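Quick notes on the structure that follows.
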Amino acid sequence: MKIDMHCHVKEGSLDSKVGVEEYISLLKRKGFQGMVITDHNTYNGYRYWKEHIKGKRHTDFVVLKGIEYDTRDAGHILVIMPEGVKIRLLELRGMSVATLVDLVHRNGGILGPAHPCGEKYLSFTNTRSYYKKPELMKRFDFVEGYNCCESAESNAGAESLARRHDKVMTGGSDAHRPDCVGRAYTILPEPVTCETELISLFRQQKELEIGGVAYNKTTLKRLGKINKIYAYSFWCYNKSGQLARAWGRRNKTKLENPIDPIDPVELYYTGYSSVRSARLPR
């Protein structure tokens, strides 16, 4: 099954120029059977598909729900939760990556860094958390190994990171414009029809075929050397968003993520074989 694991639609992402129906049509023409909508800190794009298109058109195409979450300390993280699991916290940017991992795994989901070797502030290996908390890599379920909007150097770094930590790799276009749609792919060994089936497939830790064709018309590439200004402006935007949503996150955290790590289910991701061998916080 050929699927795009990183998609932005204008019904959910302000910076996208592609509507969800146009996105589906473009992917189908290129031989894709599915996509994961991963808008920035919102499920609105997926909601639009569910309310206006699902069951009416494109019934031969699988649309799955994901999100690209802006952490406060580790850049962008792709998250996929089981169908039926509704967590408002995932639409409130600014959680730490450690908190995000706990929340996602406790509720049966999977997650991994998007474009991990890309721009500063946006990408995991270019944040302080990567150096201060190297153990976090053990807790990710996958790594985006190919992103067509990234440079060859960035993608090579992502692949090396994934292989070094024995992680499944995904491929995604990260498309925000029509001419970028379908330029990256992931080949799943078997068809999936829902998020739970995709999560189960990833937990088998089987290597997936990924690839694509580079896209050289992104905003960052057009800016050239001054893209550092863009990256810093994003940091400022992200910080202001974190502060603006701090009160909402605190209230939702009490309801949706009340337990402190480490939950026993997390032992699989930390590499410990038993509860006794783990150093639990006092």
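No value in this document is a laboratory result; all are computed from the given coordinates. Since the model is a prediction, treat every value here as computed from it, not as a measurement. Note: ideal-geometry Cβ built from the backbone for every residue, glycine included; neighbour counts use all protein chains shown.
Brief remarks on what is shown
- FRET efficiency for Glu21 and Val85, using Cβ-Cβ distance with R0 set to 41 Å, rounded to 0.05: 0.95
- Take the Cα of Lys132, go 7 Å toward its beta carbon, and the backbone nitrogen atoms of the stretch 69-91 under 15 Å from that spot belong to 71-75.
- Protection proxy ranking of 168-178, 80-90, 100-110, by the mean of other Cβ atoms within 10 Å over each peptide's residues and highest first, is 168-178, 100-110, 80-90.
- Straightening the chain between Thr59 and Glu153 buys 30.0 nm, computed as 0.36 nm per residue apart minus the Cα-Cα spacing.
- Rounded to 5, the percent of DSSP beta bridges in the stretch 1-76 classed as antiparallel: 10
- With R₀ fixed at 22 Å, the C-beta to C-beta distance from Ser200 to Asp166 puts the FRET efficiency at about 0.75.
- Listed by chain and number, the aspartates and glutamates whose C-alpha is less than 12 Å from the C-alpha of Lys120, apart from same-chain residues fewer than 8 away, are Asp73.
- Ranked by the mean number of other Cβ atoms within 10 Å of their residues, highest first, the peptides 127-135, 18-26 come out as 18-26, 127-135.
- Whole-angstrom gap from the stretch 144-211 to the stretch 28-86, using each part's C-alpha centre: 15
- Model label points for Lys28 and Met1, set 7 angstrom from Cα along the Cα-to-Cβ axis, are 1.7 nm apart.
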